[in-house]
1. Identify all residues within the stretch 141-167 that are in a helix (DSSP H, G or I) and either surrounded by fewer than 24 Cβ atoms within 10 Å (Cβ to Cβ) or at pLDDT below 95 (or both); write none if there are none.
2. State which residue is nearest to the ligand (Cβ to nearest atom) when the search covers only the stretch 82-116 and only residues that are in a loop (DSSP other than H, G, I, E, B) and touching a strand residue (DSSP E or B) at 6+ places or on another chain (Cβ under 6 Å).
3. In this structure, does residue 75 turn out to be under 30 Å from residue 214 (Cβ atoms), surrounded by 14 or more Cβ atoms within 10 Å (Cβ to Cβ) and more than 16 Å from the ligand (Cβ to nearest atom)?
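The values are calculated or read from the model by the stated rules, or taken from the named source; none is laboratory data. Predicted, not measured: the structure shown is a model, and the values here were computed from it. Methodologically, a virtual Cβ is constructed for each residue, glycine included, from the backbone with ideal geometry; neighbour enumeration extends over all protein chains shown.
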Ligand code: NAD
């Protein structure tokens, strides 16, 4: 096996708290490959005046093997790439760029595959037919696409900004070629949740800076499953209240870990140990 160093990076705004670099560095080393994963923070003075294309091409020219892309660049990166995998092209968003030996850059979306794998493992056999999603931001886009391409026939999406919910519905419907997603008002969302199979929180509600829940949990009963994308803290108020009501739950750590697991495989061609990457992720909490 080669012992060549793996060089990776994350391009995004305000990424100092990301746990992704540590997961890749530890996993690479465990495979006998020294791995360096740099934060390329696009709000720092060194990069703030650079275009995304400049940062991307600099990384390619300096020999990076791959990049993760996060807010606010996941959509803007697509036209700058040589190739885009079908799922990322369909959704119009990439969080992973693999850089081949010859410098060719290919975009992928492991937020989509990561959420799907977390869902399949954490809520195996749960009814997925009708789902409500609250939150239509960056993460919400990937979650919605992931749900409707993995068994959800009808997805209702609400956001405080209703135009965002509608825009998400339009873009995912266009991507999948059917009317799978409907944008609805966040006001009275509990009525939709009460008759759905499950609900996903894709808002920041539950984080210390955004305490509380995005909807009134008294609409839940034992037959519902409840997912949360928030992972700081892992046990959000939403998940605690849902579990107390007897609901099955899915916390935000699975998506966060599996997006990295899938990206590591794409970057290196090596088979990552998901449990080990999860341990690294949890050790940083
Ligand atoms: P974002 O700001 O792009 O989107 C959040 C959306 O939620 C916004 O459109 C906002 O209007 C909406 N919203 C906020 N409060 C609401 C409420 N009470 N009711 C309805 N809508 C509401 O943020 P994002 O990038 O999508 O991230 C959302 C959260 O996802 C983050 O705060 C973070 O905790 C979490 N996150 C999880 C992962 C993971 O892998 N699990 C990765 C990144 C981020």
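1. Those that are in a helix (DSSP H, G or I) and either surrounded by fewer than 24 Cβ atoms within 10 Å (Cβ to Cβ) or at pLDDT below 95 (or both): 148, 162, 163, 164, 166, 167.
2. Per the stated criteria, the residue is 95.
3. no
Conditions (1) out of contact with any helix residue (DSSP H, G or I) (no Cβ under 7 Å at 6 or more places or on another chain); (2) within 14 Å of the ligand (Cβ to nearest atom), marked per residue:
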| position | (1), (2) |
| --- | --- |
| 130 | yes, no |
| 135 | yes, yes |
| 138 | yes, yes |
| 144 | no, yes |
| 175 | no, no |
| 187 | yes, yes |
| 218 | yes, no |
| 221 | yes, no |
| 230 | yes, yes |
